[in-house]
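A short reminder: the numbers here are calculations on the coordinates, not readings from a lab. These numbers come from a predicted model, not from an experiment. Quick reminder, even Gly has a Cβ in these numbers, built from the backbone with ideal geometry, and neighbours come from all protein chains shown.
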Amino acid sequence: MSPTPLKYSGSDYRFIPASATDKRSPCPALNSLANHGYLPRHGTDIPFVHFLHAVRTVYNLSLPFALLLSVGGYLTCAKLSLRKAWWPLSWTISLADLSERGWNKIAHDASLVHPSGVPSHAPDPALVKNLLSAARAAPNGGLDLRGITAVHVERVRSLQPPLTLKGLHATFAAGECALTWLFMGNPSTGAVDVDTLAQWFGQERLPEGWDLRRPVEPVGLVLVLRRTSQVRSIEKEDGSSS
């Protein structure tokens, strides 16, 4: 089954880097959507249905998984407001709100390319360089799931003061590794190549030829949980997870 074709080549969806006034999140997947215009380029006041449709369509998510991601983000970071007489409540989110820290928030430490402990809206160049260096050194020309997890493990170990991710934040961090591999991995090699990592994490853009490279089968909740569990197992083998 092929994913629904995207209007990826149209001028409305061309890549435009965020301006100084545009709002962005600590998530390359969402920032890429905004930089291509699938989400509002300014990154503010995004209605729930618009958000849900964008993440589901561009990344070919199953409806249950897209709903889980969207509802989770909106419940923890969105705002309700009175807007129009004919529709009294408006549920919107700003991408920058997803950077809020707290035990009940989505933002987590030891992200692959974002700094820990502070709100982050753009990738850290040093962390991007580290990720790409690991990919170039890999024997298969990129990072497989174990390789991506190894980068995350090193991120955890390098934090000062030393940190052990726990609870939901540990799951979210493992999920970042799993989703990177599921979204961007090359089925023929089982790895995410250097160019793809540089474009998605470094430039926060959809990789070249994305319309033909998206996951063919919908990325569903069961598959994501399975791969996230696999990441957690690798972490425990390496002694970075409690």
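Close amide-amide hydrogen proximity is noted between L61 and V219, each under 5 Å apart and 5 or more residues distant or on a separate chain (H modeled in the peptide plane; Pro and chain starts excluded).
Using the crude model of +1 on Lys and Arg Cβ and -1 on Asp and Glu Cβ, and no other charge, please compute the dipole size for the chain relative to its Cα centre, in debye to 20.
Working: 24 positive and 19 negative charges, 90 e Å.
Around 420 debye, computed over the chain.
Computed from label points 7 Å out along Cα-Cβ, the spacing between H50 and L75 is 2.4 nm. In summary, the aspartates and glutamates within cross-link reach of K129, defined as a Cα separation below 19 angstrom excluding same-chain residues under 8 places away, comprise D109, D144, E154, E176, D193, D195, E204.
Taking amide H as placed 1.01 Å from N in the peptide plane, the amide H of N186 sits under 5 Å from that of A191, V192, D193, each at least 5 places away or on another chain. Summary value for segment 121-228: 32 percent relative contact order, contacts being C-alpha pairs under 8 angstrom separated by 6+ residues.
Computed over the chain, the per-residue total of -39500 (n - 2.57) for DSSP H runs of n ≥ 4 gives a 222 nm mean residue ellipticity of -13500 deg cm²/dmol, rounded to 500. Computed over the chain, relative contact order equals 24 percent, with contacts defined as Cα pairs under 8 Å that lie 6+ residues apart. A Förster radius of 35 Å combined with the Cβ-Cβ distance from R101 to H42 puts the calculated FRET efficiency at roughly 0.90.
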